[in-house]
Structure formats: C-alpha cells, structure tokens
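Report on the following structure.
The values are calculated or read from the model by the stated rules, or taken from the named source; none is laboratory data. Note that this is a predicted model, so its numbers are computed, not measured. A quick note on method: Cβ atoms are made from the backbone with ideal geometry, for glycine too, and the neighbour counts reach across all protein chains shown.
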C-alpha cells in the first residue's frame, strides 16, 4: 500500500540523505491527517452555522459539568480571553439563545453565564457531525490498531508535555 507521502519521502531520501526518512514520513502523514481533521471540524461548524469561538464557549461551559454555568471572569480565564473580548462574544450568543446571562440572586454584582437547552443542542449536533467525520477518517483501522495509535500518540504527548514543564527524560 502506497500513499502520496511515499514519493515525497523517496525524493528527499535521495536528495537529502542525512534526513531520517521514517521521521519525515511520520510528520508528513501527521500533517495530512491534521488538515483532514481540521476540515472535518470546519465542515461540522459550517453545517451548524456555529463560529469556532461560539463552539469553544459552548464546549467550555459543557466541560464544567452541570449546571453548565460560570462567571464571565472564570469563562474568560478558561478560554484565554480578556473580559472585554469575552463580553463581546457573549452578546451574540445570548441573542441566539445559546447562553443566558443572569444576575446572582444573593449578589447582584455577580453574573452567571449558563448554557441553554438550545446551546446544549447545538453543542450536541456539532459533536455528532464531528464524530461522524472523524469516525470516517479512522475506518481503515481496526479497533486494536486505533488503540495502538492512541497509545503511541499518548507516549509522544507525554514526552512533549514533560519537556515543556522542564522534566525532559
């Protein structure tokens, strides 16, 4: 079985023999798969008429667990946004019925951002579309092959994360 990476690696192996062809094959294939996965996510967002940033807000609220609520400052911190940037994003989402912003009953200075039923439904629809696309991408693999790739990728991620924290092996 051959793919579009094989001729690429063969050419560079001849031209630049000092480079590891296996490493090049791995990273070229990861890049191709990354582009396909990104397109699957874009297609899912387009089909839901959701902007990427809207999905990120819905995802963040959903990750918090029931009752799927957070203060604007907590939400901004989780999303890596300024309070002003988050506020600008929440208005259109509230207008679309995806979230609500309510005053705290005991302290009117506090606001709660809550995922609505419509927001939860939009989140679920997006995940279903994304799951279908990603599942299609993996159909060539058996369940055992999927687990093997997941385990090997975990090993790489752990290594990178440890190196980033300064605990390189």
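Quick grid of which residues meet (1) under 23 Å from residue 38 (Cβ atoms); (2) more than 18 Å from the chain's Cα centre (by Cα):
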{"position": "62", "(1), (2)": "yes, no"}
{"position": "80", "(1), (2)": "yes, no"}
{"position": "88", "(1), (2)": "no, yes"}
{"position": "91", "(1), (2)": "no, yes"}
{"position": "114", "(1), (2)": "no, yes"}
{"position": "119", "(1), (2)": "no, no"}
{"position": "127", "(1), (2)": "yes, no"}
{"position": "148", "(1), (2)": "no, yes"}
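Among the helices (runs of 4 or more DSSP H) contained in the stretch 51-169, which hold 3 or more residues that are under 23 Å from residue 40 (Cβ atoms)? It would help to see each step written out before you state the result.
Details: elements: 52-63, 72-79, 83-95, 117-137, 143-164.
Helices (runs of 4 or more DSSP H) meeting the threshold: 52-63, 117-137, 143-164.
Quick check on residue 65: is it assigned by TED's automatic domain parsing to the domain that holds residue 121, within 23 Å of residue 131 (Cα to Cα) and surrounded by fewer than 17 Cβ atoms within 10 Å (Cβ to Cβ)? Lay out the reasoning, then the answer.
Details: assigned by TED's automatic domain parsing to the domain that holds residue 121: yes; within 23 Å of residue 131 (Cα to Cα): yes; surrounded by fewer than 17 Cβ atoms within 10 Å (Cβ to Cβ): yes.
Considered against the rule, which asks whether it is assigned by TED's automatic domain parsing to the domain that holds residue 121, within 23 Å of residue 131 (Cα to Cα) and surrounded by fewer than 17 Cβ atoms within 10 Å (Cβ to Cβ), residue 65 comes out as yes.
Residue 5 versus (1) closer than 24 Å to residue 140 by Cβ; (2) loosely packed, with under 14 Cβ neighbours inside 10 Å; (3) in contact with a helix residue (DSSP H, G or I) (Cβ under 6 Å, 6 or more places away or on another chain): which is the lone unmet condition?
Only one criterion is unmet by residue 5, namely (2).
Just wondering, is there one or more residues in the stretch 113-129 that are touching a strand residue (DSSP E or B) at 6+ places or on another chain (Cβ under 7 Å) and free of Cβ contacts under 8 Å to residues at least 40 places away in the same chain?
Looking only at the stretch 113-129, we keep the residues that are touching a strand residue (DSSP E or B) at 6+ places or on another chain (Cβ under 7 Å), and these are 113-116, 119.
Imposing the further condition that a residue be free of Cβ contacts under 8 Å to residues at least 40 places away in the same chain reduces the set to 116.
Yes, the stretch 113-129 has at least one match.
Which residue out of 107, 95 is at pLDDT 95 or above and surrounded by fewer than 13 Cβ atoms within 10 Å (Cβ to Cβ)? Show your work before the answer.
Details: 107 fails: at pLDDT 95 or above.
When all the criteria are applied, what remains is 95.
Is it the case that residue 83 is touching a helix residue (DSSP H, G or I) at 6+ places or on another chain (Cβ under 8 Å) and touching a residue at least 12 places away in the same chain (Cβ under 8 Å)? I'd like the intermediate steps shown before the answer.
Values: touching a helix residue (DSSP H, G or I) at 6+ places or on another chain (Cβ under 8 Å): yes; touching a residue at least 12 places away in the same chain (Cβ under 8 Å): no.
In short, no.
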